[in-house]
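Trainee: Got a structure for you, written out below as C-alpha cells; questions coming shortly.
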Amino acid sequence: MAQINLLPWREERRQELKKEFLTTVALVIALAAGLVLLADRVVNSQIDNQNARNGYLTENIKELDKQVAEIRDLQKRRNQLLDRMRVIQELQGNRPIIVRVLDQLVRTVPDGVFYTKLTTAGKKISISGVAESNNRVSSLMRRLEASDWLANPNLDKVHEAREFGEQANRFELSVTVEAPAMEEGLEEG
C-alpha cells in the first residue's frame, strides 16, 4: 500500500476552514456593527423627529397662551364697557325722573313756603326751608303726600324764625322719591 501523507492536506484544510470561519465571523461582526449603527441612526432620527414635534407643539402652546391672555384682556375690556354702558343707561333713564321730581317739588310748594336747601341721598330728598306759619308746613306735607312722584313725607324739625315774621318757622323734612306705577311699567318694558 502506498503511503500518503495527509497531514499537510489536513493542515491546509484546517487553515482554509479557519480563514473561512474568521472571514465569516468578521463579516457577521461587521454586519452586526452595521445593523447596530443603522438601528442607532433610526432611533436617533426618531428622537430628533419627536423633539422637533415637541418643539413645534411648545411654540404653538406659547402662541395659544398669548391668544388666551388677549381673549381674557378683551373680556375684561368688554365687561368694563358693559358696566359703563349700564351706568350711562341708568343715568339716561333717571334723567326724566329727576326732572319730574323737581317739577313735583315746585308744584307742591304752597304760598308762604320757601325752600332754602335740597339734598338727595339715593331715593330720599331732605328739604330745609322757611314757612310763614305751621299751617303752611302742614299744607306742604299734605301736598307732598298727594304727589304722584313723592311719598312718605316726614317732618324732622320745626323751630321759630322771627327774622321772617311773627309766626315764621324754619323746618326740615324728608320725602321719598317714588315713581308712579304706570311709569315703572313703561321703564321696565
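Trainee: In region 58-104, what residues are under 27 Å from residue 149 (Cα atoms) and among the charged types (D, E, K, R)? Quick ask: steps written out before the conclusion?
Mentor: Our first condition is that a residue be under 27 Å from residue 149 (Cα atoms); within region 58-104, this holds for 85-104.
Within region 58-104, 86, 90, 95, 100, 103 qualify.
Trainee: Among the numbered conditions (1) over 60 Å from the mean Cα position of the chain (by Cα); (2) surrounded by 10 or more Cβ atoms within 10 Å (Cβ to Cβ); (3) not small (Gly, Ala, Ser), tell me where residue 58 comes up short.
Mentor: Result: residue 58 passes all but (1).
Trainee: Now, a different point. Tell me whether region 148-171 contains one or more residues that are crowded, with 17+ Cβ neighbours inside 10 Å and part of a helix (DSSP H, G or I).
Mentor: no
Trainee: With respect to residue 53, is the statement that it is free of Cβ contacts under 8 Å to residues at least 12 places away in the same chain, assigned to a helix (DSSP H, G or I) and of a type outside the set (Asp, Glu) true?
Mentor: yes
Trainee: Quick one: is residue 55 in contact with an Asp or Glu (Cβ under 8 Å, 6 or more places away or on another chain) and not acidic (Asp, Glu)?
Mentor: Judged against the criteria, residue 55 is not a match.
Each row is one residue, and each column tells you yes or no for (1) among the hydroxyl-bearing types (Ser, Thr, Tyr); (2) within 30 Å of residue 122 (Cα to Cα); (3) touching a helix residue (DSSP H, G or I) at 6+ places or on another chain (Cβ under 7 Å).
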site: 17; (1), (2), (3): no, no, no
site: 26; (1), (2), (3): no, no, no
site: 32; (1), (2), (3): no, no, no
site: 45; (1), (2), (3): yes, no, no
site: 52; (1), (2), (3): no, no, no
site: 81; (1), (2), (3): no, yes, no
site: 90; (1), (2), (3): no, yes, no
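Trainee: Now, a different point. If I ask for residues that are over 49 Å from the mean Cα position of the chain (by Cα) and either part of a strand (DSSP E or B) or under 19 Å from residue 179 (Cβ atoms) (or both), which ones from region 120-142 would you list?
Mentor: Passing the criteria: 130, 131.
Yes or no, residue by residue, for (1) at pLDDT 85 or above; (2) touching a strand residue (DSSP E or B) at 6+ places or on another chain (Cβ under 6 Å); (3) loosely packed, with under 15 Cβ neighbours inside 10 Å:
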position: 90; (1), (2), (3): no, no, yes
position: 94; (1), (2), (3): no, no, yes
position: 100; (1), (2), (3): no, no, no
position: 109; (1), (2), (3): yes, no, no
position: 116; (1), (2), (3): yes, yes, yes
position: 123; (1), (2), (3): no, yes, yes
position: 127; (1), (2), (3): yes, yes, no
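Trainee: Looking at the structure I just gave you, is residue 51 loosely packed, with under 10 Cβ neighbours inside 10 Å and either over 30 Å from residue 145 (Cα atoms) or among the small types (Gly, Ala, Ser) (or both)?
Mentor: No.
Trainee: Then there is this: Which residue pairs have Cβ atoms under 6 Å apart, sit 6 or more places apart or on different chains, and have a first residue in region 130-153 that is aromatic (Phe, Trp, Tyr) and a second that is assigned to a helix (DSSP H, G or I)?
Mentor: Sorted first by the residue in region 130-153, then by its partner, the pairs are 149/100; 149/101; 149/104.
Trainee: Return the only residue of 100, 84 being in contact (Cβ under 8 Å) with a residue 24 or more places away in the chain, in a helix (DSSP H, G or I) and over 17 Å from residue 154 (Cα atoms).
Mentor: 100
Trainee: Another one. Check 13, 72, 53, 78 and return the single one that is over 60 Å from the mean Cα position of the chain (by Cα) and among the basic types (Lys, Arg). Even if it seems obvious, please write down each step before you answer.
Mentor: Details: 72 fails: over 60 Å from the mean Cα position of the chain (by Cα); 53 fails: over 60 Å from the mean Cα position of the chain (by Cα); 78 fails: over 60 Å from the mean Cα position of the chain (by Cα).
Result of the check over 13, 72, 53, 78: 13.
The values are calculated or read from the model by the stated rules, or taken from the named source; none is laboratory data. Model, not experiment: these values are computed from the prediction. Reconstructed Cβ throughout: ideal geometry from the backbone, glycine too, with neighbour counts over all protein chains shown.
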